[in-house]
Each structure stands twice: as C-alpha cells, then as structure tokens.
1. Given the criteria over 25 Å from Ala222 (Cα atoms) and hydroxyl-bearing (Ser, Thr, Tyr), does Ser166 qualify?
2. Give the residue, chosen from Ala305, Ala280, Ala287, Ala309, that is touching a helix residue (DSSP H, G or I) at 6+ places or on another chain (Cβ under 7 Å), at pLDDT 95 or above and more than 30 Å from Phe383 (Cα to Cα).
3. Look through segment 165-188, keep the residues that are modelled with pLDDT of 90 or more and exposed (fewer than 15 other Cβ atoms within 10 Å of the Cβ), and return whichever of them is farthest from the chain's Cα centre (by Cα).
4. Any idea which of Leu130, Leu144 is touching a helix residue (DSSP H, G or I) at 6+ places or on another chain (Cβ under 6 Å) and either more than 15 Å from Arg276 (Cβ to Cβ) or surrounded by fewer than 22 Cβ atoms within 10 Å (Cβ to Cβ) (or both)?
5. Read through the list (1) surrounded by fewer than 17 Cβ atoms within 10 Å (Cβ to Cβ); (2) under 30 Å from the mean Cα position of the chain (by Cα); (3) among the basic types (Lys, Arg), then give the number of the only condition that Arg235 fails.
6. So, Leu76, is that one over 14 Å from the mean Cα position of the chain (by Cα), assigned to a loop (DSSP other than H, G, I, E, B) and in the same structural domain as Val386 (by TED's automatic domain parsing) or not?
7. Return only the number of the condition from (1) in a helix (DSSP H, G or I); (2) at pLDDT below 95 that Gly294 does not satisfy.
8. Among Trp77, Trp21, which is the only one that is crowded, with 23+ Cβ neighbours inside 10 Å and farther than 30 Å from Glu250 by Cβ?
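The values are calculated or read from the model by the stated rules, or taken from the named source; none is laboratory data. Quick caveat: nothing in here was measured; it's all calculated off a predicted structure. As a convention, Cβ positions derive from the backbone with ideal geometry for all residues, glycine included, and neighbour counts pool all protein chains shown.
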Amino acid sequence: MANCDVLVVGAGPTGLVLALWLTKLGVRARIIDRTAQPGTTSRALAVQARTLELYRQLDLADAIVARGHQVPAINLWAKGERMARIPFEAVGAGLTAYSFLEIFPQDEHEKLLIARLKDMGVTVERQTELVHFSDDRGGVVARLRTPDGDERCEAHFIAGCDGARSLVRETLKTGFPGGTYRQVFYVADVRGSCPAFNGELHVDLDESDFLAVFPLAGEGRARLIGTVRDERADRADTMAFDDVSARAMENLKVEVDAVNWFSTYHVHHRVTDHFRKGHAFLLGDAAHIHSPVGGQGMNTGIGDAINLAWKLAAVLGGRAPDKLLDSYESERIGFARRLVATTDRVFSLATAEGGFADVLRTRIVPFLLPKIVDFSFAREYLFRTVSQITINYRDSSLSEGSAGGVHGGDRLPWVSIDGKDNFEPLSAGNWQMHVYGAADAGLSAWCWKRKVALHQFEWHAAHDEAGLARNAAYLLRPDTYVAAAGGTPDTFEGYFAGRGIRP
C-alpha cells in the first residue's frame, strides 16, 4: 500500500505545476502518468505574463524567459500583404515585468518542470495508470496499474489532471457540456524562410481557414497552427502537410525547407459542471477545453493548479477547514466558462464564412484594430485580458474590502521603482501584509503576533498610479492575490476567524 497526501493523475504542465507547488508547501504529492516518456511534440506554446509572475514563486520565470522566445509584436495579414503590426511592448509596458508574449513549447516546458520536481525529490511515475478510485469520508482509495502489476494507493485527495478524456472526471460523473468545432486543426513545426519568419507572430485573415505563424527559438524555425474545413476535414486521419501548405505558401510567402513534425486534431469547447466532488478535483483540460485562440489553455490549467495547491496545503496542515477547498471551484469555474465563451466567439469570427465575414476580417479588422490600440485604455484592456493579469476573485468568499483602486480578490498591482518591484517578497508563497507608505504600530504588532510577514514600501507616485492607497494595508494570499484590502488589525483578525484559517 502506497500512501500520499495528494495523488496527481497526469503529468502535463497542469499536473506538474500542482505537484511542484504542493511539494514546495510540504505536501506529500505522488504524480503518475500512463505514458512511457514525456511528449516530444507540443501544441501549447504561449506562456502568458500572469503565469510568469506566478512562476517567480518557484524561481522558474527567468529560466523560461531565457530558454524561450519573446514575441515583440503581432502582425495581421490579408490578401498576401501585411496590413497591421501591433507591438506588445507598448501594450503591456508598466503593467508587468513580462510585457511580451513568451513562446516556450510545451515539450520543453514539461522537461523543465520535471527536472525541477526531481530536484525537489519527486519523480513522475511513468507507465502508471489510474484504473479506478473510490471516495469515502477519509479520502480516496485508488487502484493503479504499474509496470510491476496492480497496486492499491490511499490518498487524502486525488487531482484529475488527466486531460480531455479524464478518467477522474468520468468517475465523478460531473458532465462535460459543450460542443466540437467542425474544423480540423493542424500543427506543423517547420524550418524555412519568409517575411513572416522574423521572430514575430503573424495571423492570416484571408478566407475562412484560420492560420497563425508562431516564432520558435532559433533562426528559421516556426510553428504553423491552422484549420481546414471543406472536404479535407473528412480525411483528417490521413492528411499530410502538403494538403494544407498551399495557402501559407501563397498568402504569407512561406518557403519551407523541412517539416519536423505535423499533426491534426479536433478541438472541443467544454466546461465540466463541477471542479470538485468530495475528495476529488478536476484541473486543466480535464475541467475545461477550448479553441487554442489566444494561447489560454495551458496557462489556465496552471492557474487552476496554483489556486488549488495552497488551499490543499492549508487543509492538510490543519490550518483551514475543508470548506476552504470549495472556493477552488467557485473561483475557477466562472473564469473557465467566460474563457470558453470568449475564445469561441473570437474563433467563430476568425473562421466565419460568407462575403461580409471576409470583408470584416480582411478590411475592417486590419484597419480598425491598430487605431483602437492607439488608445491607452484599449491597449491596457487587450493586454490585461490576453496575459491573464485581469483575472480576479472579487466575488469570492475569500475576498473583502478595498483601498484605492484595489479590491479584495484582485491581482496585486505590479510596481517597479529603480529596478526593484513589489513582487519580490511574493516568492515566499505565504500569507503576507503589504503597506505602501508607513504601517501603524497596531498593524505591526498584529502581524508579529500572527506571524504574518509585513512588507513596507516607501511611498512613491508610481504606487498611486497603480491604484494603491497610501498607508493602506493589503493582506495577500499565498497565491499572491489580495485577500483583504484597507482593513485594520481587528478586520484582519475577523477575516481569519470567520473562515477558520490560521496563516
């Protein structure tokens, strides 16, 4: 009998990040995967700014930025000509330390996470498959199929990070409502040359087949992601690169020297009805899947993992009641539903058929979009949305109060002064208090008594510009979101007492 605190099923990015955070927080995590080795190809490419911010807690952000490729701009093409260029630097400047789109292929991403997890003493158990599990009042009992035969595993909790065909989800019978896009998606990793292989992101708006060219690290490397409809979609299983390459060759003037790999797949847009049931949780593709438009899928799964990890650690450590875990679903399912709806609308527009749709994509969008992002509020909204720094939990039972423009549940605004930013203390991954200005004696005494780290930042005009209030107190959760804003020692004492949480 093998025992652990949390059995993580699936060693993709979501499962690996969950295991990493749990291990960092002192939780005994066991992670299994049915495959013999990590994937050697990947579909997910984009690592959004919010993910990089959270990765600072495990000292992963710098490694990913160093190994990946920073995309400085997106280009829109129509009729074989580049119609618009939108720079990311101008869009995200001042909002985050990562005002760019980071390209870091999923296979390389997984290798980095696996290596970091191994350094922490946890190894992914390969060729180990979940066959069945049952849930009782004390936890879960799982039957695993390993290279050495069947094994019984007891755990306090089980986390289903096992993808769109999740056995954990099927066992829970939580449903998976949604639909399937009729288009067939293809992915091609190629080497070649053309104006679109300049290290930037390029999107072709012609006709109703979607096509995007993502740059990869290394000269002349790119990832083509596109769709096909018409009669070609009926033979997706036998489709080759030659069946889809003509349009890229013609419209974006792509010259391909070598195709490293090519794959086709169908995409669904679905969200399960529940992210938690008893001692079992669903994360990542097991809980929600959608169009790859916007590079949101992998990042959303990673966000799920970080949201859940600190709550599991608090409950397992006896510092919070089980009901804290209910907030995982309430905080993440709403975002997942909005994300699926948004990406569905954008993808439907990008692939709509008909004369008006063609005019909208090839003439109106390339003309209007650059003019819209000339306005600072539009630039900020666009970047905040795509980078996921706009995600907040204001409606959560764990959020209360406001000070300045910051509410409980918000991401802490990022402020950098003379090369140092207010996110540096967040790497501790604990409850902490931030004061921008001076903390009064009562608050300092309460933080010392409660063992909540107090960080004071000398007041600067940049804090005011970011929406922070002078001398106000901001209580931060272990996942770096604001728990309570603008309170007093009595307010913060009531915050913890009312929720049964010990920091």
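1. For Ser166, the condition - over 25 Å from Ala222 (Cα atoms) and hydroxyl-bearing (Ser, Thr, Tyr) - is met.
2. Ala280
3. Lys173
4. The conditions single out Leu130.
5. (2)
6. Taking the combined requirement at face value, the residue does not satisfy it.
7. Going through (1) in a helix (DSSP H, G or I); (2) at pLDDT below 95 one by one, Gly294 breaks only (1).
8. Just one listed residue meets the conditions, Trp21.
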